[in-house]
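Only the coordinates and a few stated rules stand behind these numbers; no lab work does. The structure presented is a predicted model; accordingly, all values stated were derived computationally and were not measured. Counting neighbours? That spans all protein chains shown, and the Cβs are built from the backbone with ideal geometry, glycine included.
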Amino acid sequence: MDFKPRGIVLPVVTPTDEHGNFSESNYRSLLRYWIANGVHGVFPFGTTGEFYAFGDDVLRRMIEISLEEGEGKLTVYAGANHITPGGALKLARLAENAGAHALSVLTPMFVSQTQDEVYHYYKTIAEGTPLPIIIYDNKAKTNVHVMPETVARLAELPNIVALKDSTGDMTNTEECIRLTRHRNDFHVVMGRDTTIYAGLHYGCTGAITSCGNVAPRIAVDIYERYMKGDMKGALEAQFLLSRLRIATNLGTFPVVIKEGLRLIGREAGDCQAPILPLSNEKRDQLRVVLKEIGLL
């Protein structure tokens, strides 16, 4: 399949109003901010987007608005995350009908699968949709890891086109790239904000970066400076983004992303319960970080 995820893709926040409902106006404003700063794609309903807290109608509308605001400039990915393949396929068909270009499929939550079960989960979804599929490996959130050997096996399926590696383990990233490097139709994208620069050196084609919601230009600089051969500039941008990524430990993810947007004047609303806003002390610490990296 001729689909190559590339550049800086944002797993976008799901912005809300004062009642906690999806805010179309806030989302359009954020999209304009991200597009103006050069991002290459957006990805509604990832972990950063609190996919577990919103209904299917919100996913459909976010895809539609992303396409409208993107005007052909953005690749639009959609999260199809569920415990069962049937549930994921329902979301896949919704995304397809809404016009999404590709899917990101997280390993099932709660169920601790064997590697053979992981393989068959993705195989079933791949056989049920024509959309390109990105395997989303985030063991820290699901307690399920897609081993490099399983990634290589899945890469043989025609519409499984990439892996988003959020393990933070560069040995894992290297092995996934090494085992699939003979395939021109399979790619690895970095899913850990602190290792985008390292991932590009190994051969990642881009990154899906949560902190890019707040600091899109810094994230884009890592990729674009690297592609231009400006390794020093790319590394300096990585150091800035890493400072923000480490600061996400100030609260329950993704509260720091939403609070960071608010502090720089980009309203995204609060996180959904049970996630609470940052304390005043933690918010002040975040404000210092944003000043250090030039966003305030």
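Pairs exceeding a 18 Å alpha-carbon distance, out of K4/K141; K4/K73; K90/K123: K4/K141. Summing Cβ point charges (Lys, Arg +1; Asp, Glu -1) relative to the Cα centre of the chain gives a dipole of roughly 520 debye.
Using the rule -39500 (n - 2.57) for each DSSP H run of four or more residues, divided by the residues of the chain, the 222 nm mean residue ellipticity is -14000 deg cm²/dmol. Whole-Hz Karplus values for the range 97-110 come out as 5, 7, x, 4, 7, 7, 10, 10, 10, 7, 4, x, 8, 6 Hz, taken residue by residue from phi with 6.51 cos²θ - 1.76 cosθ + 1.60 and θ = phi - 60°; glycine and proline positions read x. Here the range 57-165 is assigned +1 on the Cβ of each Lys and Arg and -1 on the Cβ of each Asp and Glu. Its dipole about the Cα centre then comes out at about 180 debye. Summing Lys, Arg as +1 and Asp, Glu as -1, what charge do residues with Cβ under 14 Å from the Cβ of T167 carry, T167 excluded? Residues near T167 contribute -2 overall. Dipole of the range 7-230 computed with +1 at Lys/Arg Cβ and -1 at Asp/Glu Cβ about the Cα centre; of N97, A152, H19, farthest Cα towards the positive end is A152. Peptides 221-230, 155-164, 107-116 ranked from most to least packed by the mean count of surrounding Cβ atoms within 10 Å: 155-164, 221-230, 107-116. Phi angles of the range 187-200 translate, via the Karplus equation with coefficients 6.51, -1.76, 1.60 and θ = phi - 60°, into HN-Hα couplings of 9, 10, 10, 7, x, 10, 4, 7, 10, 4, 4, 5, x, 4 Hz per residue; Gly and Pro are given as x. Lysine pairs in the range 154-296 whose alpha-carbon atoms fall under 23 angstrom of each other, counting only those eight or more residues apart or on distinct chains, come to 5.
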